[in-house]
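This report concerns only the one structure given below.
The values are calculated or read from the model by the stated rules, or taken from the named source; none is laboratory data. Just so you know, these numbers come straight off a predicted model, no measurement behind them. Here the Cβ positions follow ideal geometry from the backbone for every residue, glycine too, while neighbour counts run over all protein chains shown. When the accessible area is computed, the model is the full protein with side chains, heavy atoms only, and any ligands, DNA or RNA have been set aside. Shrake-Rupley method; radii C 1.70, N 1.55, O 1.52, S 1.80 Å.
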Amino acid sequence: MERIDVTNRNVPRYGGFTWTFFGLELKRLFRNYSVIIFTVVFPVAMLLLVALPLKNTSLTEVPVAKDGTSAALPIMISMAVYAALVGSTMTGVTVAYERGMGWSRQLRLTPLNPLIYILIKVGTGMVLSAIAVIITVIAGALLGITAPLPNVIAAGVLAWLTSLSMTSLGLAVGYAFPSQNAMRYMGPLLPVLAFMGGLFVPLAALPELVQLTAQFTPLWGIANLAQSAIIGVAPSVWAVPSLLFWFAAFTALAVLFFRRDTQRV
């Protein structure tokens, strides 16, 4: 039998990345109806139920009718942040299903670089997050929940970019647990983190101990940055360090569990 000389095979460009593969990953993502519901339908529903009744309530002594800041603005951007986080996190968690079906093992038999595979996952999550943020902000504008355009753009971009940290968390969970357990853990974990970070309820309305504890949770920095941008005030000096710390921690966990999973194959 003639032996195949593997030394003459060409290494694919860009580590095996192709726009076709990226497009297929996006199509697979958009076929997941549960992800679409929680990234598009849920935030808009929360705008109708929670933000809309507070549209004419001012956060300051200046009435909304006289250019005061509406109490609905932080709620709107919080729902955009949550939608982006769900999109990013659940995209990362999908690797658990792929591992369970053997798809990840099949990909390792191809020239696709594992790093490129992870970056494609991150990229699809960021696309979904961008769509979720845009839809939520547009829905808020249609409901009359508006802010100066620079504030909206800044808050929307922050909501989108900061969701990258939760993609790392999703990847960590996806590589750490079997497919049947990954969603079981992430499902309740993300709402709890959102509540503790001040996305569902303003932290000012909670006890002082809860406000202090919230500053050490993963979503506090993200919420503080986006909410401050939408109302035009300076964020906490600890918001960016908190965001960077949790991003580094989640990324380190994702790399650790990815290497452990690779060693099993």
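The numbered conditions (1) without any contact (Cβ under 8 Å) to a residue 60 or more places away in the chain; (2) surrounded by fewer than 18 Cβ atoms within 10 Å (Cβ to Cβ); (3) closer than 28 Å to Gly187 by Cα are all true for Ala83 except (2).
Could you pull out the residue among Gly87, Gly92 that is in a helix (DSSP H, G or I), within 17 Å of Ala194 (Cβ to Cβ), at pLDDT 80 or above and of a type outside the set (Val, Ile, Thr)? Show your work before the answer.
Details: Gly92 fails: at pLDDT 80 or above.
It is Gly87.
Considering segment 152-168 alone, what residues qualify as being open to solvent by 40 Å² or more (accessible area, probe 1.4 Å) and either without any contact (Cβ under 8 Å) to a residue 40 or more places away in the chain or not small (Gly, Ala, Ser) (or both)? Can you show your working first?
Residues of segment 152-168 that are open to solvent by 40 Å² or more (accessible area, probe 1.4 Å), as a first pass: 153-154, 157-158, 160-161, 164.
Listed by number, the residues that qualify are Ile153, Val157, Leu158, Trp160, Leu161, Leu164.
Of all the numbered requirements in (1) in contact (Cβ under 8 Å) with a residue 24 or more places away in the chain; (2) farther than 30 Å from Gly100 by Cα, Met186 misses one, and that requirement is (2). Selection of segment 14-27 for residues being in contact (Cβ under 8 Å) with a residue 40 or more places away in the chain and either in a helix (DSSP H, G or I) or open to solvent by 90 Å² or more (accessible area, probe 1.4 Å) (or both) yields Tyr14, Gly15, Gly16, Phe21, Phe22, Glu25, Leu26. Under 8 Å between Cβ atoms, at least 6 apart or on separate chains: pull out the pairs that start in segment 248-265 with a residue that is farther than 25 Å from Thr217 by Cβ and end on any residue that is open to solvent by 70 Å² or more (accessible area, probe 1.4 Å) and modelled with pLDDT under 85. Filtered contacts from segment 248-265: Thr262/Arg108; Val265/Arg105; Val265/Arg108.
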